[in-house]
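Working notes, structure below.
The values are calculated or read from the model by the stated rules, or taken from the named source; none is laboratory data. Nothing here was measured: the structure is a model prediction, and the numbers come from that model. Quick reminder, even Gly has a Cβ in these numbers, built from the backbone with ideal geometry, and neighbours come from all protein chains shown.
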Amino acid sequence: MPRRAFRVAYDGRPYHGFQRQPDVSTVAGELFGALRRLDVFDGAKPSGYAAAGRTDAGVSARAQTVAFDAPAWLTPDAFTGALPDPIQVWAHADAPPEFHATHDAVARTYVYYWYAPDSRATDDRAAGALDRLTGTHDFHNLTPNTTNTVRELDATLDRDGAFRVITVRAGGFCRELVRRVVSLVQLVTETGDTDRIDTVLGDEPVAGPDGVPPADPHPLVLHAVAYDGLSFTVDEDAAERARTTFRAARADHHERARVAGHLASI
């Protein structure tokens, strides 16, 4: 069977992360279950399988990418038909036999939606903190990883209504790096303590009460994964199904937010 890559969008909140784990529901676990139900494979995992990234529990994705040896009939629409609603496959690409969805990714982009409706006055402070984190640094104080912690980041801030939108792009990310970058920017923005950035980027380990915990995972989305020479085709039926599903979820969340706002008026 030829190697094929699939774009996967998912609401990560119902799942304990992307990577398969025993006894808990994960996105990869749902993908494997769907492929077994479709008789695509019957072993431990599909031949050639790899994923672009391992998003944390609660983190969502617009363009997670998985690749494996798949039959030609496995369209995104057919794949999605065997999946629960929070997971939608919406595009595919034919890939060379040696393609690896993790190692062949040249860039990954994450977007974080920071709810800050009354904080426009400090947007410049948040943008300045991201500027100082942009570039090549050793982020050993912003990840639980102990090796391979040097990364080149491109981080920007935009305002979208009540939200500060933080976009972070890199070739690859250490564990929890994006969430800890956001947490550090939030701290600096709230306190004005810009020296904290120099401390965290310094050679000395920063732990305990001075350490930087990861920010809430729910506002984080894996927005894009780029590959050289790979052209994805959108399955219009699958994409429309995904739009309809996520629009319905958005309407439900708006209603729940409105009710919570009403209760908060006590």
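Of the residues that make up region 252-260, is at least one assigned by TED's automatic domain parsing to the domain that holds Ala121, hydrophobic (A, V, I, L, M, F, W, C), assigned to a helix (DSSP H, G or I) and more than 28 Å from Trp90 (Cα to Cα)? No, there is no match, as no residue in region 252-260 is assigned by TED's automatic domain parsing to the domain that holds Ala121, hydrophobic (A, V, I, L, M, F, W, C), assigned to a helix (DSSP H, G or I) and more than 28 Å from Trp90 (Cα to Cα). The listed residues are Asp118, Asp131, and the only one of them that is in a helix (DSSP H, G or I) and surrounded by fewer than 17 Cβ atoms within 10 Å (Cβ to Cβ) turns out to be Asp131.
For the criterion of being crowded, with 21+ Cβ neighbours inside 10 Å and in the same structural domain as Ser119 (by TED's automatic domain parsing), Val150 fails.
Scanning region 120-152 for residues that are under 19 Å from Leu187 (Cβ atoms) and without any contact (Cβ under 8 Å) to a residue 40 or more places away in the chain yields Arg120, Ala121, Asp124, Ala127, Asp131, Thr134, Thr143, Pro144. Restricting the first member to region 3-27 and to residues that are touching a residue at least 40 places away in the same chain (Cβ under 8 Å), and the second to residues that are charged (D, E, K, R) and in a loop (DSSP other than H, G, I, E, B), the beta-carbon pairs closer than 6 Å and six or more apart or on different chains are Gly17/Asp56; Phe18/Arg54. When Ala238, Ala242, Ala215 are checked against the criterion of being buried (at least 19 other Cβ atoms within 10 Å of the Cβ) and in a loop (DSSP other than H, G, I, E, B), Ala215 stands alone in meeting it. Condition check: in a strand (DSSP E or B) and either within 20 Å of Thr245 (Cα to Cα) or small (Gly, Ala, Ser) (or both). Does Val66 satisfy that? Taking the combined requirement at face value, the residue does not satisfy it.
Determine, yes or no, whether Trp73 is outside the structural domain of Pro217 (by TED's automatic domain parsing), surrounded by 21 or more Cβ atoms within 10 Å (Cβ to Cβ) and either in contact (Cβ under 8 Å) with a residue 60 or more places away in the chain or farther than 24 Å from Pro214 by Cβ (or both). Against the criterion (outside the structural domain of Pro217 (by TED's automatic domain parsing), surrounded by 21 or more Cβ atoms within 10 Å (Cβ to Cβ) and either in contact (Cβ under 8 Å) with a residue 60 or more places away in the chain or farther than 24 Å from Pro214 by Cβ (or both)), Trp73 does not qualify. Screening Gln19 with (1) out of contact with any helix residue (DSSP H, G or I) (no Cβ under 7 Å at 6 or more places or on another chain); (2) among the polar types (S, T, N, Q); (3) part of a loop (DSSP other than H, G, I, E, B) gives one miss only, at (1). For region 190-239, residues that are among the hydroxyl-bearing types (Ser, Thr, Tyr) and either closer than 23 Å to Leu130 by Cβ or in the same structural domain as Thr146 (by TED's automatic domain parsing) (or both) total 3.
Within region 19-30, not a single residue is under 18 Å from His100 (Cβ atoms), surrounded by fewer than 14 Cβ atoms within 10 Å (Cβ to Cβ), in contact with a strand residue (DSSP E or B) (Cβ under 8 Å, 6 or more places away or on another chain) and not assigned by TED's automatic domain parsing to the domain that holds Glu176.
Between Ala78, Ala107, Ala67, Ala91, the distinction of being touching a residue at least 24 places away in the same chain (Cβ under 8 Å), within 12 Å of Leu31 (Cβ to Cβ) and of a type outside the set (S, T, N, Q) belongs to Ala67 only. In this structure, is Val106 buried (at least 20 other Cβ atoms within 10 Å of the Cβ) and either outside any loop (DSSP other than H, G, I, E, B) or more than 22 Å from the chain's Cα centre (by Cα) (or both)? No, not satisfied.
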